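Undergrad: Have a look at this one.
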Amino acid sequence: MSPATIDPGTLTRELLAFNTINPPGMERACAQHLGAILEAAGYSLAYHDFAPGRTSLIARIGSGSGAPLCFTGHIDTVPLGAAPWSRDAFAGETDGDRMYGRGSTDMKSGIAAFVVAAVELAREAARGPGLLIVITAGEEIGCEGAKYLANHHLLGTARAVVIAEPTGNYPYVGHKGLAWFEIETYGVTAPGSLPEVGDNAIVKMANVIGDLAHFRFPVESHPVMGKPTMNVGTIRGGLNTNSVPDEARITLDTRTVPGIDHGHLCDSLQALLAPRGAKVRKIVDCAALYTEPANEWVQQVFELCTPYLGGRPQPKTITFSTDGADLKRGFGNGLPAVILGPGEPTLAHQTDEWCSMERIGQSTELFRTLMRKWNA
Ligand SMILES: [Zn+2]
């Protein structure tokens, strides 16, 4: 029996109806909806919860004659934000070419595009190296679902991966890594009238921030990504104006390029700031993702995207982070990865988020062609 055809716009709308705002996420029902569609087309399924209700889905099809092509996307979304929406965030309202809703761009449209293509190509994939569909929970806060799948060796093998995050159908070859640190300084409290009796933690922190301005990353630049960056994002210290503060804290956001190990980065910061008595702790860690643009499969993807972009894509990396680095670690074979999906990169996490339905259709076509070539 041939699988029923689904329209990617309709599937996007169905996925928008599941409230998967993270926190709390609660992705299970949405994952099961996608699982039922893929199972009916002949895929074998495995559900994996990293916490109660926090469900990721792995769906496979193939003859075992080679490694499959992997498509991946996260089903959780960010919260709606403080500003009121002018559209229903869960109804998939349309206006001309636009479909509105939280997750329409980031990234339920991307998931709908590859799931529809995967259903249509199920028969070919069953006779060839196959397809691996990885739907993750918990991406928006520290890639929790992808980390769980990688850490528990649940992914199996694949030879290339498409991450269908919002890129307006432009293929990107990676993104910087992200490492956040918390830095604390300590002192001795005393009355504000007798500062010489105390030891001021805020003054120490001011020196720490001065020292950070002279920090040099071990890799100064990357040919495609550019330079690593550092930003002091928050600062807190002191309890009242008339006391010498005995504690101060900052958080630091670094964005790294390949070749910078986040553990070593933490050690280098600690070594730099030790003379100030500061303590450095890594609080968030997502590795960089990069594939050499000269890779043969990447070139094939560039070729296929060209007609949709009005020109051949240039090697570029994107400014947000993805599940890609964790999944690549889980596959353990340095496979090529591209970030390519129908959503609008500028609309991710915005009020009144929307996705172009024309782009969803183009993305489905592109994915179908990639799947067909892989399984020819
Ligand atoms: Zn996303």
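Undergrad: For region 67-79, give me the residue count where each residue is under 18 Å from the mean Cα position of the chain (by Cα) and open to solvent by 10 Å² or more (accessible area, probe 1.4 Å).
TA: 2
Undergrad: Okay, moving on. Just the residues that are within 14 Å of the ligand (Cβ to nearest atom) and more than 20 Å from Pro345 (Cβ to Cβ), please, taken from region 77-118.
TA: none
Undergrad: Across region 39-66, which residue is farthest from Arg127 (Cα to Cα) among those that are surrounded by 22 or more Cβ atoms within 10 Å (Cβ to Cβ) and not charged (D, E, K, R)?
TA: It comes out as Thr55.
Undergrad: Could you give every pair whose Cβ atoms fall below 6 Å, whose first residue belongs to region 311-327 and is on the phi < 0 side of the Ramachandran plot, and whose second residue is away from the ligand (no atom under 14 Å from the Cβ) and of a type in the set (Lys, Arg), counting only separations of at least 6 or pairs across chains?
TA: Listed by first residue and then by second, the contacts come to Asp326/Lys147.
Undergrad: So is Ser86 polar (S, T, N, Q), in contact with a helix residue (DSSP H, G or I) (Cβ under 6 Å, 6 or more places away or on another chain), surrounded by fewer than 24 Cβ atoms within 10 Å (Cβ to Cβ) and not in a strand (DSSP E or B) or not?
TA: no
Undergrad: Continuing with the same structure: For region 257-376, please list each of the helices (runs of 4 or more DSSP H) lying entirely inside it that holds at least 3 residues being open to solvent by 40 Å² or more (accessible area, probe 1.4 Å).
TA: Because the criterion is at least 3 residues that are open to solvent by 40 Å² or more (accessible area, probe 1.4 Å), the helices (runs of 4 or more DSSP H) in region 257-376 that meet it are 262-273, 296-309, 357-374.
Undergrad: Now a separate question. Look at region 179-201 and say how many of its residues are part of a helix (DSSP H, G or I), out of contact with any Ser or Thr (no Cβ under 8 Å at 6 or more places or on another chain) and in contact (Cβ under 8 Å) with a residue 40 or more places away in the chain.
TA: Total meeting the criteria: 2.
Undergrad: Give region 205-256 a look and list any residue that's in contact with a helix residue (DSSP H, G or I) (Cβ under 9 Å, 6 or more places away or on another chain) and part of a helix (DSSP H, G or I), or say none.
TA: Listed by number, the residues that qualify are Met205, Asn207, Val208, Asp211, Leu212.
Undergrad: Let me spell it out: the conditions are (1) more than 14 Å from the ligand (Cβ to nearest atom); (2) within 24 Å of Gly66 (Cβ to Cβ); (3) open to solvent by less than 10 Å² (accessible area, probe 1.4 Å), and Asn169 meets all of them except one. Which number is the exception?
TA: Just one mismatch for Asn169, condition (2).
Undergrad: Continuing with this model, one more query. Starting from residues that are of a type in the set (Ser, Thr, Tyr) and at pLDDT below 95, keep the ones in region 1-48 and report whichever is farthest from Arg98 (Cα to Cα).
TA: For region 1-48, the residue satisfying everything is Ser2.
Undergrad: Using the structure shown, decide if Ile250 is within 16 Å of the ligand (Cβ to nearest atom) and open to solvent by less than 20 Å² (accessible area, probe 1.4 Å).
TA: Numbers: within 16 Å of the ligand (Cβ to nearest atom): no; open to solvent by less than 20 Å² (accessible area, probe 1.4 Å): yes.
Answer is no for this residue.
Undergrad: The conditions are (1) open to solvent by 50 Å² or more (accessible area, probe 1.4 Å); (2) closer than 22 Å to Gly330 by Cβ; (3) polar (S, T, N, Q), and Gln32 fails exactly one of them. Which is it?
TA: (2)
To keep it simple, each residue is scored yes or no on (1) over 22 Å from the mean Cα position of the chain (by Cα); (2) hydroxyl-bearing (Ser, Thr, Tyr).
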| position | (1), (2) |
| --- | --- |
| Tyr308 | yes, yes |
| Ile318 | no, no |
| Ala325 | no, no |
| Gly343 | no, no |
| Glu353 | no, no |
| Gly361 | yes, no |
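Undergrad: Does Pro129 satisfy the criteria of being buried (at least 24 other Cβ atoms within 10 Å of the Cβ), more than 16 Å from the ligand (Cβ to nearest atom) and not hydrophobic (A, V, I, L, M, F, W, C)?
TA: no
Undergrad: Identify, from the list Asn200, Asn242, Asn231, the residue that is of a type outside the set (D, E, K, R), open to solvent by 60 Å² or more (accessible area, probe 1.4 Å) and in contact with a Gly (Cβ under 6 Å, 6 or more places away or on another chain).
TA: Going through Asn200, Asn242, Asn231 in turn, the sole match is Asn242.
The values are calculated or read from the model by the stated rules, or taken from the named source; none is laboratory data. Not measured: the values here are computed from a predicted model. With ideal geometry, Cβ positions are generated from the backbone for all residues, glycine too; neighbour counts draw on all protein chains shown. To get the accessible areas, we keep the full protein, side chains included, count just its heavy atoms, and leave off ligands, DNA and RNA. Shrake-Rupley method; radii C 1.70, N 1.55, O 1.52, S 1.80 Å.
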